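Colleague: Shown below is the structure under consideration.
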Amino acid sequence: MAAEWWRSGVLYEIYPRSFADSNGDGHGDLQGILDHLDHCEWLGIDGIWLSPVTPSPDADWGYDVSDYTSIHPDFGDLETFDRLVTEARRRGIRVILDLVPNHTSDQHPWFLDARSSRGARYRDWYVWADPKPDGGPPNNWRSVFGGPAWTLDETTGQYYLHNFLAEQPDLNWWNEEVRDAFDDILRFWLDRGAAGFRIDVANGLVKDRDLRDNPPVTDEDHPLIRQQGLRPVHNMNRPEVHEVFKRWRTLVDAYRPDRVLLGETWVLDLGQLIRFYGRGTDQLHLAMNFPFVFADFGPALRSVVEAADAGLPPRAWSAWHGSSHDAGRFPTRWCDGDPRKVRAALVTLLTLRGTPILYYGDEIGMTDVPVPRDRLRDPVGIRRWPEDPGRDRYRTPMPWTRSGGFTHPGVEPWLPAGDPATNVADQREDRGSVLHLCRDLLALRRARPDLALGAFDPIEAPEGVWAWRRGDSTVVAVNASEAPAKVEVGGEVLLGTRRERDGHRGALNLEPWEAVVAEG
């Protein structure tokens, strides 16, 4: 397998609890993923990213880790994980693990010890502070999930920090012992064959040492930041975090050049995002682009792509995703379920310069699934219902067949399933399906170096059309509008969202939301 496979490769996020249930308990597991590796190989995936599979009380469904070097019993055991790595490698697929270094579970042995007394062995592994004179929290920091980011520990009389749930206490990344412990955790999984890590809350590890108040938002801030009321500049997004990633880059690169660090860099300013690449070779290999995720499909998305591509340092490489377990599914958010837009979005995502990340179900155009109040499992939805129904709607079971195929017959899955008419089996039999379009796009990426590694150059196009050249001889044109548009593609159409266009030469009248990849 080539070094830096992730540059030309396509990643695929699997939410294990919702992918495939092998033992009939209603929850997906590692064996279920093993049983469906052939689907990933057939599709043409190069690497799978597993949302957390480590032990957890599941206050936040795996993102509250109680043991960093084992497997949650719902998912299997270390032996099953080892088989998954081996079988995936045999198919040319790497396995990337989700690492949660910002916080642990409040049931992790480190925190159980830390809260036992102010002099406890692991006390300084977490962020503690005295109450204000009135007994209130130490500062104005807010939890991402709502309410103060501090909880008073009655036993020791101090507050502990949690940027998420109270059950997710934040680690103290100023403590060298914490850094050493995570070095060992990375080595544990790399030694077992993991191809790298997706780093949860990558921008949030280090906190302001003085615990200063966050300032109020301004009109210049992104709308999603303005909703929070405060700019998260002291509880997150500290410049010191880049030293952690330099250290991890050195550690990971020492293994082999095919290991990768993918950051959940949840920042909405492109300049801030680009800093996570450092000089392009000394921090993260890939940084997830959230301005891209939350831009509208069309001119706004184009602006983000062109600015990001122009701003990256040499050797740096973009990561593009439209869907995830937190951000929702692009067929809903970008496309409102419109099949034309779904196809156009897939062409866009899979032909930009950078590494695309598909979320399970993207390949069939799976949309968000409404989840009734009595079936909610996500703490965000439970807290904020009905204004915010939470993230369960993004995490519903993979529809393998018209009858479901996720779990055993008669077993109720942990979350309700969506429309059975959108499923893998039916689309695999239909050459005109979204699934086959996705597979053919991945095959075209492998066949044409232009699409895998070529440069990205925007080109002039009629109003409403977004067009760009990849490498020397490949052109992509996407009509992101409701009006027809005439374009000249030059050479032969290699692949289009309307498959009858394949092989066409010369002028094309692109229908609304039609996209083509052509020689040019």
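Bear in mind that the values in this text are calculations on the coordinates, not laboratory data. From a predicted model like this one, the values you see are computed outputs, not experimental measurements. Glycine gets a Cβ as well: all are built from the backbone with ideal geometry, and neighbour counts include every protein chain shown.
Colleague: Grab the other residues whose beta carbon is less than 12 angstrom from that of CYS438, score K and R as +1, D and E as -1, and report the net. Walk me through the intermediate numbers first.
Modeller: Values: positive: ARG343, ARG428, ARG439, ARG445; negative: ASP362, GLU363, ASP440.
Counting the neighbours of CYS438, the net charge comes to +1.
Colleague: Taking loop as defined by DSSP and a crowding limit of 15 other beta carbons within 10 Å, which chymotrypsin sites (Phe, Trp or Tyr not before Pro) in region 304-393 fit? Present the calculation step by step, with values, prior to reporting the outcome.
Modeller: Details: sites: TRP317, TRP320, TRP334, TYR359, TYR360; in loops: TRP317, TRP334, TYR360.
For chymotrypsin sites (Phe, Trp or Tyr not before Pro) across region 304-393 that sit outside H, G, I, E and B with at most 15 neighbouring Cβ atoms in 10 Å, the list is empty.
Colleague: Just want the ordering: LYS207, LYS341, from fewest to most Cβ atoms lying within 10 Å of their own Cβ.
Modeller: LYS341, LYS207
Colleague: Would you kindly derive the ³J(HN,Hα) couplings of region 512-520 from the backbone phi angles with the Karplus curve 6.51 cos²θ - 1.76 cosθ + 1.60 (θ = phi - 60°), listing them in order in whole Hz, with x for Gly and Pro?
Modeller: For region 512-520, the Karplus curve yields x, 6, 9, 9, 9, 10, 9, 6, x Hz.
Colleague: Report P(r) for region 362-520: all Cα-Cα distances, bin width 5 Å, range 0 to the bin holding the largest distance, values in whole percent.
Modeller: For region 362-520, the binned pair fractions read 2, 9, 14, 14, 13, 11, 10, 11, 9, 5, 2, 0 percent.
Colleague: Let me ask something else about it. Using only the Cα atoms of region 82-138, what are the Rg and Dmax in Å?
Modeller: 19.6, 61
Colleague: Here is a further query. Using Stokes-Einstein with the Kirkwood hydrodynamic radius over Cα pairs, what translational diffusion coefficient do you get for region 12-87 at 4 °C and a viscosity of 1.567 mPa s, in µm²/s rounded to a whole number? Each step should come with its number before you reach the end.
Modeller: Details: Rh = 12.6 Å.
Once the numbers are plugged in, D ends up at 103 µm²/s.
Colleague: Next question, about the same structure. Which whole-Hz couplings ³J(HN,Hα) result when phi for each residue of region 181-195 is put into the Karplus expression 6.51 cos²θ - 1.76 cosθ + 1.60, θ = phi - 60°, listed in order with x for Gly and Pro?
Modeller: Couplings: 4, 6, 4, 5, 5, 4, 5, 4, 7, 5, 5, 8, x, 4, 8 Hz.
Colleague: Normalised by the number of residues in the chain, what is the relative contact order in percent for Cα pairs under 8 Å and 6+ residues apart?
Modeller: Details: 1129 pairs, mean separation 65.8, N = 520.
Computed value for the chain: 13 percent relative contact order.
Colleague: Going by alpha carbons, how many degrees (0 to 90, nearest 10) lie between the helix axis of 434-447 and the longest principal axis of the chain?
Modeller: So the inclination is approximately 90 degrees.
Colleague: Moving to a separate point now. Return the long-range amide H neighbours of LEU230 (sequence gap of 5 or more, or a different chain), with a cut-off of under 5 Å between placed amide H atoms.
Modeller: HN-HN under 5 Å from LEU230: VAL217.
Colleague: Can you tell me which lysines have their Cα less than 21 Å from the Cα of LYS132? Leave out same-chain residues fewer than eight positions away.
Modeller: LYS207
Colleague: Find the percent of Cα-Cα distances in the chain that exceed 32 Å, and round it to a whole number. Can you show the working numbers first?
Modeller: Working: 57669 of 134940 pairs.
Result: 43 percent of Cα pairs exceed 32 Å.
Colleague: What trypsin sites (Lys or Arg not before Pro) in region 395-428 are in a loop by DSSP, with at most 16 other Cβ atoms within 10 Å of the Cβ? Present the calculation step by step, with values, prior to reporting the outcome.
Modeller: Numbers: sites: ARG395, ARG402, ARG428; in loops: ARG395, ARG402.
Those that pass, being in a loop and sparsely packed, are ARG402.
Colleague: Let me ask another. Identify the residues of region 289-312 with backbone N under 16 Å of a label point that sits 7 angstrom from the Cα of ALA483 along the Cα-to-Cβ direction, or state none.
Modeller: Counting backbone N atoms under 16 Å from the label point, the list is 299.
Colleague: Something else about it: Hey, what angle do you get for helix 339-349 against the long axis of the chain, alpha-carbon based, 0 to 90 degrees rounded to 10?
Modeller: Once rounded, the angle reads 70 degrees.
Colleague: Of the beta bridges DSSP finds with both residues in the chain, what % are antiparallel, to the nearest 5? Don't skip to the answer; put the middle values down first.
Modeller: Numbers: 35 of 60 bridges.
So the antiparallel bridges amount to about 60 percent of the total.
Colleague: Amide H neighbours of ALA287 under 5 Å, at least 5 residues apart or on other chains, H built in the peptide plane: list them.
Modeller: GLY263, ALA319
Colleague: Viscosity 1.306 mPa s, temperature 10 °C: give me the Stokes-Einstein translational D for region 109-161 in µm²/s, with Rh taken as the Kirkwood radius over C-alpha pairs. Could you put the intermediate results ahead of the total?
Modeller: Numbers: Rh = 11.5 Å.
My calculation gives 138 µm²/s for D.
Colleague: Give the residue list of trypsin sites (Lys or Arg not before Pro) in region 222-329 that are DSSP loop and have at most 14 other beta-carbon atoms within 10 angstrom.
Modeller: On the way: sites: ARG226, LYS246, ARG247, ARG249, ARG259, ARG275, ARG279, ARG302, ARG315, ARG329; in loops: ARG259, ARG279, ARG315, ARG329.
Of the trypsin sites (Lys or Arg not before Pro), the ones in loops of region 222-329 whose Cβ has at most 14 other Cβ atoms within 10 Å are ARG279, ARG315.
Colleague: State whether region 456-519 is rounded, prolate or oblate according to the following rule on the C-alpha gyration tensor (a ≥ b ≥ c being the square roots of its eigenvalues): a/c under 1.5 gives rounded; otherwise a/b larger than b/c gives prolate, and the remaining case gives oblate.
Modeller: Since a/c reaches 1.5 but b/c is at least a/b, the shape of region 456-519 is classed as oblate.
Colleague: Ok, one more. Taking 0.36 nm per residue of sequence separation and subtracting the Cα-Cα distance, how much length would be gained by fully extending the chain between ASN23 and ARG375, in nm to one decimal?
Modeller: Numbers: separation 352, 0.36 × 352 = 126.72 nm, distance 2.14 nm.
Length gained between ASN23 and ARG375: 124.6 nm.
Colleague: Now, a different point. Which distance in Å, rounded to a whole number, links the C-alpha centroids of region 456-478 and region 1-77?
Modeller: Taking the Cα centre of each part, region 456-478 and region 1-77 sit 36 Å apart.
Colleague: Given contacts defined as C-alpha pairs under 8 Å and at least six residues apart, what's the relative contact order of region 100-176, whole-number percent?
Modeller: 34 percent.
Colleague: Next question. Where in the chain is the longest stretch that carries no GluC sites (Glu not before Pro) classed as loop by DSSP and with at most 11 other Cβ atoms within 10 Å? Numbers along the way, then the final one.
Modeller: Numbers: sites that count: GLU154, GLU220, GLU387, GLU429, GLU460, GLU463, GLU482.
Result, exposed sites excluded: 221-386.
Colleague: Can you list residues from other chains, or at least 5 along the same chain, whose modelled amide H is less than 5 Å from the amide H of GLU492?
Modeller: Hits under the 5 Å cutoff: GLU519.
Colleague: Another one. Can you give the FRET efficiency for HIS408 and TRP42, using 1/(1 + (r/R0)^6), R0 = 35 Å, r = Cβ-Cβ distance, to the nearest 0.05? Don't skip to the end; give the middle numbers.
Modeller: Details: r = 24 Å, r/R0 = 0.67.
For HIS408 and TRP42, the calculated efficiency is 0.90.
Colleague: Hey, another quick one. Whole-Hz Karplus ³J(HN,Hα) for region 362-378, in order, using 6.51 cos²θ - 1.76 cosθ + 1.60 and θ = phi - 60°, x for Gly and Pro?
Modeller: Using θ = phi - 60°, the values come out as 4, 5, 10, x, 5, 9, 4, 10, x, 10, x, 3, 6, 10, 5, 10, 6 Hz.
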